[in-house]
Structure formats: structure tokens, C-alpha cells
Amino acid sequence: MLTFDDLLHRARSLAGAGRSRALLGIAGSPGSGKTTLAERLVRELNAGGEPWAAQVPMDGFHLADVELERLGRRDRKGAPDTFDAAGYAALLRRLKEDTGDVVYAPGFERVLEQPIAGAIAVEPAARLVVTEGNYLLLGTGAWARVRAELDEVWFVETDEEDRVRRLIARHEEFGKGHEEAVAWVMRSDQRNAELVAATRERADLLVASSVSGPR
């Protein structure tokens, strides 16, 4: 079974000495532990020296609620067509080109449930960018351009019951009542999760969520 040290070694090898900047994608269904793994990878890779790994989440490309309202898609927030996939692909291309400039990427504020422009600075010293999101392996529309920019994509797998439980708890943590959280997960998040699960065979590596440690 893969260990976290195995993942660290594989991530380091993507951005070996003398290579251009590498992009590693971490995909998985909502609540699978993608962000936990990405955060730990970047933290451990940067430990004890000059930071050379950066994290850029796909969630920064959520469309703002005002636009979702205009499109009539507010109740499906989190579905593939509620993201600026073309903008995400363009940012990944810019990061891959590695011109020596600081590249600013959007973040996502969980409390507000809104993207925040220019929240993440990717410095020229970053030789590895770790990006995580649901739809990195989706082969339709602009999402296909996302996969083309990534050197590798790992897919995080987890126990389905645990994943749903964590997802409900996350929605409750950020303001939803229990019944509202359950309804949202079963109506919206589960539909997205089924779509994401169908892309797992396109991954370069399958990773158990337990490898990244407790959430």
C-alpha cells in the first residue's frame, strides 16, 4: 500500500533538478480529502528550507453567486458548469509557461462561499504547483484543457459513508442547519460525486484518503 512518504517522493520527482515547473493535480469527489492531502504535501515539501511548492485550488474558479443567480444555477453550485473552467485552464497554462513572474491565483473563502481574486501568489521559486478539485479528469468542454496542462493527476478514494458524513459536517460548520446540509448533499453534492467517480480510471495514481492522515 502507498504511504505518504511514497507520495512525497513521487511529487518531488515531478519537479527534479533542472526541470521546468511541474503541475500536480489531485482529484476526487466532494469531501474525499483532496484539500487535506494537497495541504499536507505542500507543507511537508516546503519544510526546512526555502518554499518551492505552492497550492492553487480549483475552487477559486467558482462563479460568484451573483452570476449563478443570473444563470439560474444557484441551486446547483458546485456542478461543472458553475465554474470558469476555461479561466482555470488558462491559469494552469500560465503557471506551466513559467516566465519568472509572480502569478496571482484566486482562492475560495469557505465562510463567504465565494471566490477571492488575487488571493494566492505563486512565486517564481515554486517548482511544483499542487492543484486540487473535483473535475480535473473530466473530459468534456474546457475541462479537457485542464487535464492537458497537468503532469500527473492523482485520484483520492475514501469510504463513501465517511465522505458523506464529512460533507454534511462541513456544510454545518459553514452555516447550514443539519436538515439543510443533508438535503444539499443528497440533492447536489451526490450528483457531482457520481460524475467525478466516473473519471477515476483516467487518473495516474489512486490514493486512499487515509494516507494523508486524519482530517
DSSP beta bridges in the chain, what fraction antiparallel, as a percent rounded to 5?
30 percent
Using just the alpha carbons, could you tell me how many Å³ per residue the convex hull of the chain encloses?
122 Å³
Taking the dipole about the Cα centre of the stretch 4-209, with the C-beta of Lys and Arg at +1 and of Asp and Glu at -1, give me whichever of 86, 56, 131 is farthest to the positive side.
86
Relative exposure of 9, 62, judged by other C-beta atoms within 10 Å (fewest first)
9, 62
I'd like to verify something in the chain: which complete DSSP H helices, judged by Cα projection on the helix axis, reach 15 Å or more and average at least -0.5 on the Kyte-Doolittle scale?
4-14, 34-45, 85-97
Most fluctuating of 84, 189, 159 in the GNM of the chain (C-alpha, under 10 Å) is 159
What would the Debye equation give as log₁₀ I(q)/I(0) for the stretch 39-131 at q = 0.14, 0.15 Å⁻¹, counting only Cα atoms as equal point scatterers?
-0.56, -0.63
Which is the longest part of the chain that has none of the chymotrypsin sites (Phe, Trp or Tyr not before Pro) sitting in a DSSP loop with at most 16 other Cβ atoms within 10 Å?
53-173
In terms of modelled amide H atoms, which long-range or inter-chain residues lie less than 5 Å from the amide H of residue 156?
27, 28, 207
Taking just the alpha carbons, could you work out the radius of gyration and Dmax for the stretch 1-82, both in angstroms?
16.6, 48
To the nearest 20 debye, the chain has a Cα-centred charge dipole, built from +1 on Lys and Arg Cβ and -1 on Asp and Glu Cβ, of 320 debye
Proximal lysines to residue 34, defined as alpha-carbon separation beneath 20 angstrom and excluding residues fewer than eight positions away on the same chain
77
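Values quoted throughout were computed directly from the atomic coordinates according to the rules given, and no laboratory measurement underlies them. Keep in mind that what you see is a predicted model, and the values were worked out from it rather than measured. Using ideal geometry, Cβ is built from the backbone for each residue, glycine included, and neighbour counts are taken over all protein chains shown.
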